[in-house]
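**Q** I'd like to ask some things about the structure below.
The values are calculated or read from the model by the stated rules, or taken from the named source; none is laboratory data. Computed from a predicted model, the values in this text were never measured in an experiment. Note: ideal-geometry Cβ built from the backbone for every residue, glycine included; neighbour counts use all protein chains shown. All accessible areas refer to the heavy atoms of the entire protein, side chains included, with ligands and DNA or RNA removed. Shrake-Rupley method; radii C 1.70, N 1.55, O 1.52, S 1.80 Å.
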Amino acid sequence: MALVELRNISLTYHSRDGETEAIKDVSLSIEDKEFVAIVGPSGSGKTTLLKIMAGLIAPSGGEIVKAESTRVAYMPQRDGLFEWRSVMKNVLLAPEIAGGDIKKARAYAEELLEKYGLKEFSSKRPSELSGGMRQRAALIRTLVTKPKLMLLDEPFSALDFQTRLYVCDDVLRIIKAEEKTAVLVTHDINEAVSMADRVIVLTARPAGVKSEYTIGLDKSLPPLKRRELKNFSVYFKNIWMDMEAPNE
């Protein structure tokens, strides 16, 4: 059984002007420890679909089936770090809100901060961190909740191009090291192909699944190095052509 499965998901918005069909009959499955990227034309409903998977939006039709005890964490576009809290206190925000065992959560947070090079910055404010370090701190904040499935909503969009390249390497390394399953929504095809095991291409609104690509690049390499491989440009071109082609 897949870790999470979407079966014929649809979503229709209602307003004074009538109905808007945002998502139409989307079915897909995510396997355990798989890294899946979702791409599509601007406004195609990528983020909306991710929020449905996170349980933040209820679909109008269809169902979501999750494996037993699958805890889901949603990581938004901005790092969302609060300047008035230290890095450690930012990382511990979710356990504090949930009212869990803070002592246990702190011990795990300290372990993650040390493991991923942020221990010496745990008492610093977010403004004292580089863009890449902020993103790493946000990722650790998500990991502290011990999710099985991580939903990443264009988490690199606020970074400059060079930082973005290195943070992609960082994020994938951490997710794989922690043996998490991840779904990444991105408008960047390069990002999708370099990071993902599989890329799902959505149609223009209403969103449907147009195509899927299993990415056969060397998984022992970091994303930045995968971009240099011969087949990388082939995947890029095919996905780009799919995104540009009109809906059938």
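**Q** Is there any pair with a first residue in the range 210-239 that is within 17 Å of Phe35 (Cα to Cα) and a second that is open to solvent by 50 Å² or more (accessible area, probe 1.4 Å) whose Cβ atoms are under 6 Å apart and which are 6 or more apart or on different chains, and what are they?
**A** Short answer, once both residue conditions are applied: Leu217/Leu229.
**Q** So Ala204 clears everything in (1) of a type in the set (A, V, I, L, M, F, W, C); (2) open to solvent by less than 30 Å² (accessible area, probe 1.4 Å); (3) at pLDDT below 95 except one condition, right? Which one?
**A** (2)
**Q** Can you give me the number of residues within the range 31-67 that are on the phi < 0 side of the Ramachandran plot, open to solvent by 50 Å² or more (accessible area, probe 1.4 Å) and either touching a helix residue (DSSP H, G or I) at 6+ places or on another chain (Cβ under 9 Å) or not hydroxyl-bearing (Ser, Thr, Tyr) (or both)?
**A** 8
**Q** Working only within the range 123-155, note down all residues that are surrounded by fewer than 18 Cβ atoms within 10 Å (Cβ to Cβ) and part of a loop (DSSP other than H, G, I, E, B). Write out each step before concluding.
**A** First, pick out the residues of the range 123-155 that are surrounded by fewer than 18 Cβ atoms within 10 Å (Cβ to Cβ): 123-125, 127-128, 130-131, 145-146.
Scanning the range 123-155 gives Ser123, Lys124, Arg125, Ser130, Thr145, Lys146.
**Q** Need pairs with beta-carbon distance below 6 Å; first residue more than 14 Å from Gly80 (Cβ to Cβ) and of a type outside the set (Val, Ile, Thr) and within the range 154-171, second open to solvent by less than 10 Å² (accessible area, probe 1.4 Å) and not in a helix (DSSP H, G or I); sequence gap 6+ or separate chains.
**A** Sorted first by the residue in the range 154-171, then by its partner, the pairs are Arg164/Phe156.
**Q** Quick one: Gly216 ticks every box in (1) touching a helix residue (DSSP H, G or I) at 6+ places or on another chain (Cβ under 9 Å); (2) crowded, with 19+ Cβ neighbours inside 10 Å; (3) not basic (Lys, Arg) bar one, so which box is it?
**A** In the conditions (1) touching a helix residue (DSSP H, G or I) at 6+ places or on another chain (Cβ under 9 Å); (2) crowded, with 19+ Cβ neighbours inside 10 Å; (3) not basic (Lys, Arg), Gly216 misses (2) alone.
**Q** Say whether the condition of being of a type outside the set (D, E, K, R), without any contact (Cβ under 8 Å) to a residue 12 or more places away in the chain and either farther than 29 Å from Thr70 by Cβ or buried (at least 19 other Cβ atoms within 10 Å of the Cβ) (or both) is met by at least one residue in the range 174-184.
**A** Looking through the range 174-184, none of the residues is of a type outside the set (D, E, K, R), without any contact (Cβ under 8 Å) to a residue 12 or more places away in the chain and either farther than 29 Å from Thr70 by Cβ or buried (at least 19 other Cβ atoms within 10 Å of the Cβ) (or both).
**Q** Before we move on, is Lys210 open to solvent by 40 Å² or more (accessible area, probe 1.4 Å) and not in a strand (DSSP E or B)? I'd like the intermediate steps shown before the answer.
**A** Values: open to solvent by 40 Å² or more (accessible area, probe 1.4 Å): yes; not in a strand (DSSP E or B): no.
Here the answer is no, as Lys210 does not meet what is asked.
**Q** Still on this model: Is it the case, given these coordinates, that Ala22 is in a strand (DSSP E or B), open to solvent by less than 60 Å² (accessible area, probe 1.4 Å), at pLDDT 95 or above and not charged (D, E, K, R)? I'd like the intermediate steps shown before the answer.
**A** Values: in a strand (DSSP E or B): yes; open to solvent by less than 60 Å² (accessible area, probe 1.4 Å): yes; at pLDDT 95 or above: no; not charged (D, E, K, R): yes.
In short, no.
**Q** Okay, next question. Do you know which residues across the range 104-115 are open to solvent by less than 30 Å² (accessible area, probe 1.4 Å) and either modelled with pLDDT under 90 or among the small types (Gly, Ala, Ser) (or both)?
**A** Pass one, the range 104-115, residues open to solvent by less than 30 Å² (accessible area, probe 1.4 Å): 105, 109, 112-113.
Result: Ala105, Ala109.
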